[in-house]
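See structure below.
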Amino acid sequence: MRLSCIIIAVLTILGLALRAEERPNIILIIADDLSSDDLSCYGNKGIKTPALQALAESGIVFNNAYLTAANCSPSRASIATGRWPISNGQTDLSTGALPSYNVPYPEFFDGIDYFPQVLQKAGYYTAQSGKWHIGYDWNKATGPVANGFDKTDTKTGQSGCENWIKVLDERPKDKPFFMWFAAHDPHDPWTAPKIHNPDSVFIPPYISDTRFQREQLAKYYDEIYRMDSYIGKVIEKLKQQEVYENTLIVFISDNGRGFWRSKAYIYDAGMKTPLLVSWPKAIKENQEGNQLISSIDLAPTFVELAGLNPEDYTFQGQSVASIWKDLTRKELNNYVISEQHWHGFRTDYRSVRDKDGFLYVWNGHPEQNGVCNKAFMKNMIALNDEGKLSELQKDPFRYPREVEELYDFKNDPHQTKNLVKDPKFRKKLKELRRVLAKWKELTGDCPSKKEIPDWYQRPYSDVKPQKGVWGLPPGTRNYGVGEENKVRRLVRD
C-alpha cells in the first residue's frame with residue numbers, strides 16, 4: 001500500500017512537471033496607436049514591416065479583432081483584466097496631468113483578477129517592459145496589475161522597446177515566462193529615422209490627402225518600422241535561446257492610429273486592432289482567421305494555455321485557445337462590444353459588432369459634435385473653413401448627431417453610410433439594440449453622476465473647456481463581479 005502511494009505520488013509529480021514543460025512561454029506585444037490597415041500583412045503596400053510580416057506568416061492573421069476602447073488606459077486595463085472598462089473601473093484616459101490638478105488616479109474594482117498575477121501564481125516568471133499607462137500612475141508600473149510582475153521596466157528610450165532583449169536575457173531559465181512588451185511606437189511625437197516616402201503612404205478616405213498629412217503618415221510609418229525591427233530582434237533572441245518553438249507570440253495594438261477619426265473613435269479605424277498569433281509548436285503557419293475576437297478574450301486564453309480553468313476567474317471574455325489551435329472550430333463570439341469615454345473631450349459611446357458584419361453605435365451625447373480626439377484638429381478645422389474637406393472628412397464636426405448608427409462594416413469598412421433608417425435592416429437594428437440593452441443590464445452600465453467635461457475647446461462650440469475638472473466614471477462600481485458567466489453567454493449565444 002505504501003509503495004503504491006509512493007508510485008502514485010511520483011507519477012503525479014512527473015505528470016505535473018510534464019504539463020508545466022508543455023505550457024507555452026507567452027509574449028504579448030502591444031503597439032501604441034496602430035491601426036490594423038497600417039501593416040504589410042493586412043495589405044498595406046506602402047509600409048515596411050518585415051518582422052511582423054514574418055510573424056504573420058508563421059501563424060494566424062485575424063481580420064476581425066476588436067478592442068473594448070479606442071484609447072490607451074481603458075484598452076490596456078481591459079487586456080489585463082479580461083473585463084470591459086465599465087466593469088473594471090478604468091473607463092477614461094489616465095492622463096499624466098491628473099496629479100497637477102490634485103485628481104487621484106482611477107481605481108480598479110474590488111475582487112477582480114489580473115491575468116499576469118494569475119500566471120505568476122501558476123509558476124510563470126512574469127516581466128513588463130516599455131509603456132505602462134494602466135491607472136494609478138502615468139508611466140510607473142504601480143497598482144494591482146503591476147503586482148503580478150516579477151520585474152517591471154518602464155524607464156526605456158523613445159521606442160519603448162529598447163530593453164526587451166535585456167529582459168529576455170535576464171529571465172530565469174528554469175521557468176516558463178510571460179512578457180508584457182509594450183512599445184511607445186508609433187505614438188507621436190515621431191522621432192524614428194526617415195525610411196518611408198510620403199508619396200507611398202496609404203491615405204484613408206476620412207483623412208485629407210494633403211502633403212502635410214502624407215508627411216505625418218510617413219513619420220508614423222517610420223515608427224512602426226522601428227518597432228518592427230525590435231520585434232525581429234525578439235524573435236531572433238528566442239531562437240538563440242532555443243525556446244522559440246514553444247513560445248506563443250501575440251501582437252496587438254491598444255487603439256487606432258493617432259490621426260483624425262481614428263484613435264478615440266468608435267469606428268473601425270479606432271477600435272479594430274491587428275491581431276497576429278504565432279506558436280510554432282502548436283499553430284500552423286500561413287493561416288487567416290475571420291472569427292470575431294475581443295481583446296478581453298486574451299486573458300482567459302492565456303490562462304487556459306497555462307493549464308488553468310479561466311472560468312475560475314473574473315474574466316468577462318472567453319478563451320479562444322480552441323480557435324487558435326484549429327481555425328475550423330465553431331466561432332465563439334456572436335458579438336463584440338466596445339465603449340468610448342473621455343479622452344480630453346466628453347464622450348459617451350457604446351457599440352456592438354456581430355459576426356454577420358454589422359456595427360451598431362449608440363451615442364449618449366448627440367447634441368454635441370463628434371470630435372473625440374484633438375489629433376490634427378487644428379489642421380482639419382483650417383481645411384474645413386477653406387471648404388477643402390469631403391463630407392466624410394468633416395463628419396466629426398457635424399452636430400446634432402444621430403443617437404443610433406448602423407453600418408455594414410464588411411462592405412463599408414470606413415463606416416460611411418448609416419443604415420439606421422433603412423427599413424431593410426430594421427430586424428438587425430432591433431437585434432443589436434436588444435444585445436446592447438442586455439449588456440448594459442448585466443454590466444451595471446449607467447450614466448456618470450458627474451461627467452468629465454471637455455478639457456480642450458470643442459470645434460465650432462460655445463461651450464468653454466474646463467481643463468483640470470474631473471468627474472466620476474459611469475457604471476455601477478463592483479457590479480457583476482462573480483457573475484461573469486451571464487455576460488459571456490450574451491455575446492456567445
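The values are calculated or read from the model by the stated rules, or taken from the named source; none is laboratory data. Just so we're clear, the structure is a prediction, and the values are computed from it rather than from any experiment. Here the Cβ positions follow ideal geometry from the backbone for every residue, glycine too, while neighbour counts run over all protein chains shown. Ligands, DNA and RNA are excluded from the accessible area calculation, which covers all protein heavy atoms including side chains. Shrake-Rupley method; radii C 1.70, N 1.55, O 1.52, S 1.80 Å.
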Zone of residue 417's modelled label, taken as backbone nitrogen in the range 352-394 under 20 Å from a point 7 Å along Cα→Cβ: 353-361, 390-394
Accessible area in the full protein assembly, largest first, 1.4 Å probe, for 361, 469: 469, 361
5 angstrom amide H check on residue 358, placed H, neighbours 5+ away: 409
Under 13 Å from residue 194, Cα to Cα: aspartates and glutamates that are on another chain or at least 8 residues apart: 215, 222, 223
Proximal charge balance of residue 458 [Cβ under 12 Å; K/R count +1, D/E count -1]: 0
Average accessible area per residue (Å²) across the chain - probe 1.4 Å, nucleic acids and ligands excluded: 40 Å²
Charge sum, other residues only, whose C-beta stays under 12 Å from residue 144's C-beta, Lys/Arg counted +1 and Asp/Glu -1: -3
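For the chain, what is the calculated [θ] at 222 nm in deg cm²/dmol (nearest 500), taking -39500 (n - 2.57) for each run of four or more DSSP H residues and dividing by its residue count? Show your work: numbers first, answer last.
Details: 12 runs with 136 residues, N = 493.
It lands at -8500 deg cm²/dmol.
What shape does the range 367-493 take by its C-alpha gyration tensor, where a ≥ b ≥ c are the square roots of the eigenvalues and a/c under 1.5 counts as rounded, a/b above b/c as prolate, and the rest as oblate?
Working: a/c = 2.74, a/b = 1.28, b/c = 2.14.
It comes out oblate by the Cα gyration axes.
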For the range 248-257, Karplus couplings with θ = phi - 60° (6.51, -1.76, 1.60), whole Hz, Gly/Pro x: 7, 10, 10, 10, 8, 10, 7, 5, x, 3
In sequence order, calculated HN-Hα J values of the range 79-84 (Karplus, 6.51, -1.76, 1.60; Hz; x Gly/Pro): 4, 5, 9, x, 9, 5
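I need the peptides 454-461, 397-404 ranked by packing, meaning the mean over residues of other C-beta atoms within 10 angstrom, with the highest value on top. Working shown, then result.
On the way: 454-461: 17.0, 397-404: 14.9.
Output ranking for 454-461, 397-404: 454-461, 397-404.
If you rank 112, 195 by how much accessible surface each has, with a 1.4 Å probe, what is the order from largest down? Walk me through the intermediate numbers first.
Working: 112 15, 195 75 Å².
Accessible-area ranking of 112, 195, largest first: 195, 112.
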Other-chain or far-sequence residues with amide H under 5 Å of residue 401's (modelled H): 367, 368
Derived scalar couplings ³J(HN,Hα) [the range 173-189; Karplus, 6.51 cos²θ - 1.76 cosθ + 1.60; whole Hz; x for Gly, Pro]: 8, 10, 9, x, 10, 10, 10, 9, 9, 10, 7, 7, 6, x, 5, 6, x
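Below 8 Å, C-alpha to C-alpha, sequence gap of six or more: please give me the relative contact order for the chain in percent. Present the calculation step by step, with values, prior to reporting the outcome.
Details: 1084 pairs, mean separation 98.9, N = 493.
Averaging sequence separation for qualifying contacts and normalising by length gives 20 percent for the chain.
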For residue 282, residues with placed amide H under 5 Å, excluding near neighbours: none
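If you roll a 1.4 angstrom probe over the protein chains with everything in place, what fraction of the accessible area of the chain belongs to carbon and sulfur, to the nearest %?
Details: 10210 of 19940 Å².
Carbon and sulfur: 51 percent of the exposed surface of the chain.
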